1. Pick from the stretch 198-219 the residues that are among the β-branched types (Val, Ile, Thr) and closer than 21 Å to Leu49 by Cβ: which of them is surrounded by the fewest Cβ atoms within 10 Å (Cβ to Cβ)?
2. For the stretch 238-254, how many residues meet the condition of being within 25 Å of Asn217 (Cα to Cα) and in contact with a strand residue (DSSP E or B) (Cβ under 6 Å, 6 or more places away or on another chain)?
3. Identify the residue in the stretch 172-213 that is assigned to a loop (DSSP other than H, G, I, E, B) and away from the ligand (no atom under 16 Å from the Cβ) and, among all such residues, is modelled with the lowest pLDDT.
4. Out of Glu45, Glu13, Glu90, Glu35, I need the residue that is surrounded by fewer than 17 Cβ atoms within 10 Å (Cβ to Cβ) and either among the charged types (D, E, K, R) or within 14 Å of the ligand (Cβ to nearest atom) (or both). Which one?
5. Whether any residue in the stretch 529-537 is assigned to a helix (DSSP H, G or I), without any contact (Cβ under 8 Å) to a residue 40 or more places away in the chain and surrounded by 14 or more Cβ atoms within 10 Å (Cβ to Cβ) is what I want to check.
6. Which numbered condition in (1) closer than 28 Å to Leu44 by Cβ; (2) outside any loop (DSSP other than H, G, I, E, B) is the only one that Leu276 fails?
7. Please state which of the following conditions Glu555 fails to meet, knowing it meets all the rest: (1) in contact (Cβ under 8 Å) with a residue 12 or more places away in the chain; (2) part of a helix (DSSP H, G or I); (3) of a type in the set (Asp, Glu).
8. Pick out the one residue from Leu44, Leu64, Leu25, Leu95 that is over 24 Å from Glu167 (Cβ atoms), touching a helix residue (DSSP H, G or I) at 6+ places or on another chain (Cβ under 7 Å) and modelled with pLDDT of 90 or more.
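The values are calculated or read from the model by the stated rules, or taken from the named source; none is laboratory data. All of these numbers come straight from a predicted model, not from anything done at the bench. Heads up, the Cβs are rebuilt from the backbone with ideal geometry, glycines too, and the neighbour counts pull from every protein chain shown.
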Amino acid sequence: MSQTATTHEFQAEVRQVLDIVIHSLYTDREIFIRELVSNAADALEKMRLTQLTEKEIHEPQAELKISISSDETAGTITLADSGIGMSREELTQNLGTIAHSGSKAFAAALKNAGKSKDATLIGQFGVGFYSAFMVAEEVKVFTRDWRPGGQSLCWTSTGSGTYSIEEVPEQNRGCRIVIKLKEDARDFAKANTLRRIINQYSNFIAFPLELNAERLNTVEAIWLKPREEISAEQYESFYQFAAKAFDKPSYHLHFQADAPLVINALIFLPSQNQELFGMGQMEPGVALYCKKVLIDPHPPKLLPEWLRFARGVIDSEDLPLNISRESMQDSSLVRKLGEVVTKRLLKFLDKEAQDNPDSYLEFYAKFSRFFKEGIVTDFANRDAIAKLLRFDSSLCEVGKPCSLQDYAKRMPSTQECIYYQTGPSRSAIESGPYLEAFKAKGFEVLFLHEPMDEYVINSLGEFEGKRLLSVNSPEVDLGDLEQGGEALDETTLAQLNEWLKTELGETVEEVRGSKRLLGAPVLAITPEGGLTPQMRQMMRAMKPDEVPQVKVILEINPSHDLVRKLEQTRQTNPQLAALMGAQLLDNALLSAGLLDEPQRMVSRLEKLMANLPT
Ligand code: ADP
């Protein structure tokens, strides 16, 4: 080691990633090429932007390109780029630490992947550089950054705990990464192997790429070509390139428009939801171009935020070429572009969902949260997004959720509102007391299973002019139902209600006879302005100390055997009747998802059982 060399320890997070990379990833090792090429392309892209704003640049004439070469005898691969390079601080910062939760999420995703140990994921977690250590005995990064007067440096590591940085003789601007291959990875130094890998993964790189001085890629803006000239494979590999992904896209929308703006757009929707890996929010992934020139790879305000899972390119001739990323965000032109593309995308998805419902459901199952987020946050597109929502319901087949449009079409003319019930599962809802009256009326009920659904439905408020109403709302009015059986007379019912109200205390705001109970004896309704069960659940998760006492309207079925029995017992054995009443209330709260302390039922049930005839 020369005198200027300094040795540094990797940050713990990096050590963790390196440990996984070196000791447990044996398949898909070839992806390290893609990761390093992609880093080189990023560095070139940053160089291009720097040239637009900075006057003083080291080697301003250097061509922006990537050169790869290999030496089979020595077992080395060299990747050189003329990008921005790295200063000493940047080397330590970028190749010695990981600033975000990337390594944790990567480790978790690998664990989830089980035996398959899917190394191809690595780039998505912002730790792609370290994939070189899958094949390398040693990695050297020679670099000279773009600033005038910068140093030429060499970063070296074997991946085991430490790296060193030393000053070296003058280098070309950019980075030159030299990989000394492990014995079992020497195949990668073969020119044919390298050519195959580069063609497979890096064909769409926007800068010239040479292998042993031979030009490999054709820089092609496929979004500007007519659709008929692009094969399914080309679309797929462009998606994988643009999204740095390995899944197949679920959908692609490729269109050209001339009015109101000239737009060439190629938008992909993935088949894997990266946010499910616990990586936090994705960055927006539809890049903005003007006549093939990249303006911003992740423009934050081009598409609405909920569409951040979309990938691809929007290219418009109408944008001024010199638009800066900052002014871009406030540009009304950019907003307009985004609006046009969003509308087209929503329309396209609606059509796809109708033409190929099964594939849409498969896609929706993974991405529904984004659409629900859209309902809450994207007012301008709310109605169009609502058409894309799917819900389980009392009339649709298990596993085949339906759209609000389907629901609206099935509504009998006597039905005014769209009804929904929240509950963890279909069986939980079906065994509860709420559904039967709606069934008897022939009214469909949507089943909302996700905690956020109620909030989403409340934000939506109505669909095609029809109000969305919860089955446990006090506003539900189903008119008179044929309840059958002998009912308690009105006076007796009024007395029973009043007695119950006194016995049941604080939890009950009102006890009243029900018009919507058939087979069940009682049910609980959330009073006007009260917290619904879902709101309580959310509150319990966030502010457990502030959850208020449950308050419900208890409705009783005057024709039900148990209710008549309760009335008789009240006359002969009020103490036992009080136990029965309390138990009936708890049953209703349980069905409503409002029972906070189920344990209290145990001793009461034991007392009730003790009263059974022997
Ligand atoms: P990511 O590229 O997702 O940030 P990596 O682990 O692949 O994660 O790279 C870490 C960082 O190292 C990059 O963000 C970049 O700043 C720097 N880097 C990597 N390769 C190069 C290169 N060829 N030229 C300049 N900087 C580079």
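1. Residue satisfying both the conditions and the ranking: Val219.
2. Qualifying residue count for the region: 7.
3. Within the stretch 172-213, the match that is modelled with the lowest pLDDT is Asn203.
4. Glu90
5. no
6. Checking Leu276 against (1) closer than 28 Å to Leu44 by Cβ; (2) outside any loop (DSSP other than H, G, I, E, B), the one that fails is (1).
7. Failed condition: (2).
8. Leu64
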